[in-house]
Amino acid sequence: MGNMTATAARRVLLAAPRGYCAGVDRAVIAVEKALEQYGAPIYVRHEIVHNKYVVQTLEKKGAIFVDVTAEVPEGSIVMFSAHGVAPTVHAEAAERKLATIDATCPLVTKVHKEAVRFAKEDYDILLIGHEGHEEVIGTSGEAPDHITLVDGPEDVANVSVRDESKVVWLSQTTLSVDETMETVDALKQKFPNLLSPPSDDICYATQNRQIAVKKLAEDAQLVIVVGSKNSSNSIRMVEVALDAGAPAAHLVDFADEIDEAWLEGVTTVGLTSGASVPDVLVDGVLEWLAERGYGDVETVKTADESITFSLPKELRRDLRAEAARLAGG
């Protein structure tokens, strides 16, 4: 009887909002539309979004993901991922006579424009972000002579600028809000005249998902974040859950990656997903948990999201004809 009671008490707290943000939704639909309109192959520079399942699904439909522009045959169509690219990449595409579709998230484009504007005004730009991340590479490429990367609060001691009265900070859009503000506070101590961007660079979806995961961490003994290992915003959500007091938090791509040992002594599981994760993967985890007695699902809603972005303008043109013309065909 005691065992039955314990089973009945098991539940899942499901975060809302979770999963696809407007920028990811736009990028994935853009690849699908391009394949529909122009036929395979459509080349995509880097993963369109950082999710293994999404990339594999699009590959099956005819998308070819490449690491460098040089891998795209002349006269082809290439799409730039949601994370954005540096101006040099646009130049490489033009040299190779490629028709391009720019699926950069509009919120990343906003940061690019800020970098260009502040560089024109001769500011030193302190870009808070993770070295090697595609978004950071793209933003840095907008003003390489003016941008210094600051990879967390511990990196602040190494930062030097030309003129302490002309310093501004920008950030990667997918960071932990708390850690970013910790870095900003450390920078402000070092550079009292530090200017902030006109509006927060961390994207609304990243912030909303972190607020939701903090709420889950209040009651869950285990938080599961569905997302890929190269997804910055998904990794941050695991860290946020632990910082907010969750005894355990793990990142998984698929339900079969969950270790049953994690459930030992756990009555409440918090479940959420990164901004590049389709709901089908969360549904898979819910089924897996239900099979193990966690059938009671309660949605924990912390925000409403109604933002949508229009598709890249290039999808309204005949890009196959454009590619052939560029290639001289």
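Has the stretch 270-284 got at least one residue that is more than 13 Å from Arg18 (Cβ to Cβ), open to solvent by less than 50 Å² (accessible area, probe 1.4 Å) and touching a Phe, Trp or Tyr at 6+ places or on another chain (Cβ under 9 Å)?
For the stretch 270-284, residues more than 13 Å from Arg18 (Cβ to Cβ), open to solvent by less than 50 Å² (accessible area, probe 1.4 Å) and touching a Phe, Trp or Tyr at 6+ places or on another chain (Cβ under 9 Å): present.
Working only within the stretch 107-131, note down all residues that are in contact with a helix residue (DSSP H, G or I) (Cβ under 8 Å, 6 or more places away or on another chain) and part of a helix (DSSP H, G or I). Step through it out loud before you land on a result.
Taking the stretch 107-131 as the starting set, the residues that turn out to be in contact with a helix residue (DSSP H, G or I) (Cβ under 8 Å, 6 or more places away or on another chain) are 107-108, 111-112, 115, 125-130.
Residues satisfying the conditions are Leu107, Val108, Val111, His112, Ala115.
Return the total of residues in the stretch 103-123 being surrounded by fewer than 20 Cβ atoms within 10 Å (Cβ to Cβ) and not aliphatic (A, V, I, L, M).
8
Would it be correct to say that Thr148 is hydroxyl-bearing (Ser, Thr, Tyr) and either open to solvent by 40 Å² or more (accessible area, probe 1.4 Å) or more than 30 Å from Ala324 (Cβ to Cβ) (or both)?
Yes, satisfied.
Mind listing whichever residues of the stretch 207-231 are in contact with a Gly (Cβ under 6 Å, 6 or more places away or on another chain) and crowded, with 24+ Cβ neighbours inside 10 Å? Steps first, please.
Here is the first cut: in the stretch 207-231, the ones in contact with a Gly (Cβ under 6 Å, 6 or more places away or on another chain) are 216-217, 220, 223, 227, 231.
Matches in the stretch 207-231: Leu216, Ala220, Val223, Gly227, Ser231.
Give the stretch 135-145 a look and list any residue that's open to solvent by 40 Å² or more (accessible area, probe 1.4 Å) and in a helix (DSSP H, G or I), or say none.
Selection gives Ile137 alone.
Among the residues of the stretch 214-224, are any among the basic types (Lys, Arg) and free of Cβ contacts under 8 Å to residues at least 40 places away in the same chain? Don't jump to the end; show me each part of the working.
Here is the first cut: in the stretch 214-224, the ones among the basic types (Lys, Arg) are 214-215.
The next check asks that each one be free of Cβ contacts under 8 Å to residues at least 40 places away in the same chain; those that pass are 214.
Taking every residue of the stretch 214-224 in turn, at least one turns out to be among the basic types (Lys, Arg) and free of Cβ contacts under 8 Å to residues at least 40 places away in the same chain.
Counting only residues that are open to solvent by 10 Å² or more (accessible area, probe 1.4 Å) and not β-branched (Val, Ile, Thr), which one in the stretch 233-245 is farthest from the chain's Cα centre (by Cα)?
Looking at the filtered set, the residue picked out is Gly245.
Is it the case that Val89 is farther than 17 Å from Arg320 by Cβ and either assigned to a strand (DSSP E or B) or modelled with pLDDT of 95 or more (or both)?
Values: farther than 17 Å from Arg320 by Cβ: yes; either assigned to a strand (DSSP E or B) or modelled with pLDDT of 95 or more (or both): yes.
Spelling it out, Val89 is indeed farther than 17 Å from Arg320 by Cβ and either assigned to a strand (DSSP E or B) or modelled with pLDDT of 95 or more (or both).
Please indicate, with yes or no, whether at least one residue in the stretch 91-107 is at positive phi and more than 24 Å from the chain's Cα centre (by Cα). Steps first, answer last, please.
At the first step, the residues of the stretch 91-107 found to be at positive phi are 97.
Add one more test, that the residue is more than 24 Å from the chain's Cα centre (by Cα), and what stays is 97.
Looking through the stretch 91-107, at least one residue is at positive phi and more than 24 Å from the chain's Cα centre (by Cα).
May I ask you to say which residue of Leu170, Leu175 is open to solvent by less than 50 Å² (accessible area, probe 1.4 Å), modelled with pLDDT under 95 and either touching a Pro at 6+ places or on another chain (Cβ under 7 Å) or part of a loop (DSSP other than H, G, I, E, B) (or both)?
Exactly one of Leu170, Leu175 is open to solvent by less than 50 Å² (accessible area, probe 1.4 Å), modelled with pLDDT under 95 and either touching a Pro at 6+ places or on another chain (Cβ under 7 Å) or part of a loop (DSSP other than H, G, I, E, B) (or both), namely Leu175.
Having 2 or more residues that are surrounded by 21 or more Cβ atoms within 10 Å (Cβ to Cβ) is the bar; report the strands (runs of 3 or more DSSP E) wholly within the stretch 8-86 that clear it. I'd like the intermediate steps shown before the answer.
On the way: elements: 11-16, 42-45, 63-66, 77-80.
Counting at least 2 such residues, we get 11-16, 42-45, 77-80.
The values are calculated or read from the model by the stated rules, or taken from the named source; none is laboratory data. Just so you know, these numbers come straight off a predicted model, no measurement behind them. No Cβ is skipped: glycine too gets one built from the backbone with ideal geometry, and neighbour counts run over all protein chains shown. Heads up: the accessible areas ignore ligands, DNA and RNA and are worked out on the full protein's heavy atoms, side chains in. Shrake-Rupley method; radii C 1.70, N 1.55, O 1.52, S 1.80 Å.
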